[in-house]
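Structure, as structure tokens:
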Amino acid sequence: MAKQETGALFEESSQGAVSAVTAIVFLVSIVLVLGGFVVMSYGVNPELGAAEVWTFAGGLAATTLGFALPFTLLPLTGK
């Protein structure tokens, strides 16, 4: 078996460290996605009546926004 060179595996990134903006956007994104999942799960409760659809739609909107944030906002800032 050939010996592998692992020196390049742990090189420092040329892009630098993660900025505070990137960290905050990802934290907000995670909260929106997980919170949206929870709200969608409450939206399948038949006892809510007509509010059932709106609760599920709100959770779906939060989840969609949570997934879209890091892929749309961060490239605009160059991160």
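Remarks
- Length gained when the stretch ILE30-LEU60 is fully extended (0.36 nm per residue, less Cα-Cα span): 9.4 nm
- Sorting VAL38, VAL25, VAL53 by solvent-accessible area of protein heavy atoms yields VAL53, VAL38, VAL25, largest first, with a 1.4 Å probe.
- The accessible area of THR64, taken with all protein chains in place and a 1.4 Å probe, comes to roughly 80 Å².
- Set of segment 40-72 residues, backbone N closer than 15 Å to the point 7 Å along the Cα-Cβ line of THR22: 70-72
The values are calculated or read from the model by the stated rules, or taken from the named source; none is laboratory data. Here the structure is a predicted model, which means the values were calculated and not measured. Note that we place each Cβ from the backbone using ideal geometry, even for glycine, and neighbour counts take in every protein chain shown. All accessible areas refer to the heavy atoms of the entire protein, side chains included, with ligands and DNA or RNA removed. Shrake-Rupley method; radii C 1.70, N 1.55, O 1.52, S 1.80 Å.
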